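The next block holds one structure in the form of structure tokens; read it before the comments.
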Protein chains: 2
Amino acid sequence: MATQVKRHPERGRYDRETIDAILDDGFLCHLGFVVDDQPYVIPTLHARVGDVLYLHGSPASRMLQTLGSGAPVCVTVTHLDGIVLAKSVFNHSVNYRSAVVLGTPRKVEGEEKVRALEAIVEHIAPGRWAEARQPSEKELRTTEVVAIALDEASAKIRTGPPIESPGDAELDVESGVIPIRLVRG
Amino acid sequence: MATQVKRHPERGRYDRETIDAILDDGFLCHLGFVVDDQPYVIPTLHARVGDVLYLHGSPASRMLQTLGSGAPVCVTVTHLDGIVLAKSVFNHSVNYRSAVVLGTPRKVEGEEKVRALEAIVEHIAPGRWAEARQPSEKELRTTEVVAIALDEASAKIRTGPPIESPGDAELDVESGVIPIRLVRG
């Protein structure tokens with residue numbers, strides 16, 4: 001990532017605390033993988049346990065084959081926090097937090113698989129692992145879980161009010177931030 | 001897509017009306033592209049105009065180089081609609097709508113670029129294109145917009161209550177759907 005020229009380098013963050021907070025603040029991620037030079041991006045569910053990100057998807061065969069093949073993937077988690085209204089259309093933006101994890105998935109089996117599924121279910125619906133019926137051997141066999149180490153991860157955050165261009169401050173145009181949040185229930 | 005074996009083929013939808021509704025119901029998408037066999041997935045903003053999806057990103061140089069290179073990309077838009085609580089942990093799920101667009105981006109210039117930026121700003125914040133200051137020539141030059149034809153697109157939807165396994169109906173476990181929605185303001 002060091003060689004990348006970014007338009008907004010000030011938005012890049014690389015400390016694990018920031019990255020972990022973004023990964024933990026939602027259970028929907030987008031998984032990117034490549035088949036015959038074509039990238040695919042599919043939504044799936046994740047949970048972080050320590051230095052590992054666990055994924056459990058709708059295991060379409062193409063995804064499963066790819067995840068088990070040793071090929072690199074990318075997992076991105078994004079939270080939309082607000083709509084940034086500026087005095088010029090050009091300076092309109094959104095406030096967001098995103099974490100990007102690069103890595104090669106490792107198939108998870110046995111006890112680690114059960115704990116990973118527990119983490120994913122608890123991430124989506126806290127308390128449900130203890131309340132609902134535990135998985136059978138057959139159910140575990142038809143579920144796929146992979147792990148990605150958080151060795152190569154970064155975060156990007158935009159927060160705060162619009163940044164106006166010189167000369168725009170005097171314009172009679174309303175500006176500010178409309179907050180956005182996900183609401184349950 | 002026809003050769004893909006899906007776990008939940010009944011969730012696949014391919015009519016444009018369904019796909020368009022998902023693309024139009026949110027302005028955050030995840031763009032997947034490949035550099036040196038490594039997939040990247042980054043959040044960006046989109047708007048659909050007829051049979052074309054316009055993207056405008058934080059134009060990191062890697063993304064821009066890739067988008068202009070004739071390489072295929074994938075754009076995915078996902079809406080989380082609910083948490084599906086089942087009587088078994090295995091049958092927990094989420095309700096969602098996602099649209100996946102495969103294609104090769106075309107760089108957009110001139111009047112089409114202005115109309116594409118208008119569509120994106122109006123998608124994020126309806127009414128703002130007319131209210132805020134119009135883009136200058138310099139601002140237009142430092143903005144990149146690409147178009148992807150909606151020739152190869154699909155949608156996947158999960159909706160409704162949990163699907164319980166045989167024998168689980170009698171279990172004394174609460175089940176149902178917790179709705180999720182994005183709220184502005």
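The values are calculated or read from the model by the stated rules, or taken from the named source; none is laboratory data. Not measured: the values here are computed from a predicted model. Note that we place each Cβ from the backbone using ideal geometry, even for glycine, and neighbour counts take in every protein chain shown. Surface areas here come from the heavy atoms of the whole protein model, side chains and all, with no ligands, DNA or RNA. Shrake-Rupley method; radii C 1.70, N 1.55, O 1.52, S 1.80 Å.
Average accessible surface for chain B: 45 Å² per residue, computed with a 1.4 Å probe over protein heavy atoms with every protein chain in place.
Divide, for segment A:9-158, the radius of gyration over alpha carbons by 2.2 N^0.38 Å, where N is the residue count.
1.14
Ignoring any ligand, DNA or RNA, what whole percent of the accessible area of segment B:25-173 comes from carbon and sulfur when the probe is 1.4 angstrom?
Working: 3070 of 5890 Å².
Of all accessible area on segment B:25-173, carbon and sulfur atoms account for 52 percent.
Annotation for segment B:166-180 versus segment B:79-153: alpha-carbon center distance of 36 Å.
Per residue, the convex hull spanned by the alpha carbons of the protein assembly as shown comes to 140 Å³. Taking the label point 7 Å from Cα in the Cβ direction, how far apart in nm is B:Glu111 from each other copy of itself, listed shortest first? Here the equivalent label points are 7.0 nm apart from this one.
Loop-located GluC sites (Glu not before Pro) in segment A:70-152 (DSSP state other than H, G, I, E, B) with a sparse environment of at most 13 neighbouring Cβ atoms within 10 Å: A:Glu109. Placing a label point 7 Å from the Cα of B:Ile163 along the Cα-to-Cβ direction, the distances to the matching points in the other copies come to 4.8 nm, shortest first. Helix A:110-124 and the longest principal axis of the C-alpha atoms of chain A enclose an angle of approximately 40°. Label-point spacing for B:Gly185 across the identical copies (point 7 Å from Cα in the Cβ direction), in nm and ascending order: 2.2.
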